[in-house]
Structure formats: C-alpha cells, structure tokens
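Asks: Here you go, one structure.
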Amino acid sequence: MEIVSNKPIDPAQIYDLIKKDTAGSVVLHFAIVRGSSESKITSSIEFQAAGDIKDVERELRAISGEIHGKWQVEDVAIVRVLGLLNIGDIISLVGVSSPHREEAFEACRYGVDRLKGMATIMKKETFE
C-alpha cells in the first residue's frame, strides 16, 4: 500500500495494516525531521510534489513493486507526508512484513533508500 498524505502518520495504524498471520517479522522505519542539517540548525522542512501528485503516487507504487519483486514479503507500506513539518515530525514510513526477518530488514532498507532519492518530491529546508 502506498499513501501520500498531508496528515501525521499513525505508526500503529500502519502496523495493523501490514501485519499478517504468515509474517514472522514486521520492520518499520520512520524518517523524521532532525534539528540540524549541514551544520545548520533546522527549524522546519517543507515537502511538496515536484509536479502532479499522481506522479508521486506512481513512484511510490513503483518502489513497492520493486520490493515485492525482489523479496518474499507479505505486505509493504510506504507513506510520504507532504507539507510543512517541524523537528521530530515523521517525514515518511516504510513498513515491510515478511515470513523472515532478514528479508524484512533488507526490503525495508531498500525502500528507505529509494524514498530518499525520489524524483517527484521537492524539499525546502528552513534554517534558524
């Protein structure tokens, strides 16, 4: 499942959506706004679609499809938040459920790496 939202992420809700009786492992990764970047103090970050929101959704579906194609997973959740975020806010979440932990960790890490390089998201940092 792929979600683009301007609302905060509820980790418990995502966990409930991807846990399966056949999964022995669920891995969730949260990217959060940190208080500094490049030796500067960050006050907020704004994420926007670089074009049409449909392009963002399409890129998220592609990432999810890649994960399903490379690893034996039960489910994948990829969530991206758009809008103005403050220190400590969750930027994105990648969740993977799998029968085995190795695949869950590898698949989740791949998803996180792919999210970091999304072409359809623009980031604007505000510094103090």
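Taken together, the values in this text are just the output of simple stated rules run on the coordinates, not laboratory data. Note that the structure is a prediction, hence the values are computed from the model and not measured. Positions of Cβ are backbone-derived with ideal geometry, glycine not excepted, and every protein chain shown enters the neighbour counts.
Asks: I'd like to verify a number: residues in region 81-128 that are farther than 16 Å from Val26 by Cβ, touching a residue at least 60 places away in the same chain (Cβ under 8 Å) and surrounded by 14 or more Cβ atoms within 10 Å (Cβ to Cβ), how many?
Replies: Number satisfying all stated conditions: 10.
Asks: Could you tell me whether Ser43 is over 14 Å from the mean Cα position of the chain (by Cα) and without any contact (Cβ under 8 Å) to a residue 12 or more places away in the chain?
Replies: no
Asks: Do you know which residues across region 34-67 are touching a helix residue (DSSP H, G or I) at 6+ places or on another chain (Cβ under 9 Å) and either among the basic types (Lys, Arg) or under 25 Å from His100 (Cβ atoms) (or both)?
Replies: Leu60, Ala62, Ile63, Ser64, Glu66, Ile67 - these are the residues of region 34-67 that are touching a helix residue (DSSP H, G or I) at 6+ places or on another chain (Cβ under 9 Å) and either among the basic types (Lys, Arg) or under 25 Å from His100 (Cβ atoms) (or both).
Asks: Here is a list: Ser44, Ser98, Ser64. Which entry is polar (S, T, N, Q), out of contact with any Leu (no Cβ under 8 Å at 6 or more places or on another chain) and over 14 Å from Ile3 (Cα atoms)?
Replies: Among Ser44, Ser98, Ser64, only Ser98 is polar (S, T, N, Q), out of contact with any Leu (no Cβ under 8 Å at 6 or more places or on another chain) and over 14 Å from Ile3 (Cα atoms).
Asks: Could I ask something else about it? Filter region 3-33 for residues that are basic (Lys, Arg) and either loosely packed, with under 13 Cβ neighbours inside 10 Å or in contact with a helix residue (DSSP H, G or I) (Cβ under 7 Å, 6 or more places away or on another chain) (or both) and give the result.
Replies: Passing the criteria: only Lys7.
Asks: Just the residues that are surrounded by 14 or more Cβ atoms within 10 Å (Cβ to Cβ) and under 14 Å from the mean Cα position of the chain (by Cα), please, taken from region 47-61.
Replies: Of everything in region 47-61, those that are surrounded by 14 or more Cβ atoms within 10 Å (Cβ to Cβ) and under 14 Å from the mean Cα position of the chain (by Cα) turn out to be Phe47, Val56, Glu57, Glu59, Leu60.
Asks: If you don't mind, another one. Is it true that some residue in region 62-80 is surrounded by fewer than 18 Cβ atoms within 10 Å (Cβ to Cβ), without any contact (Cβ under 8 Å) to a residue 60 or more places away in the chain and farther than 17 Å from Ala107 by Cβ?
Replies: no
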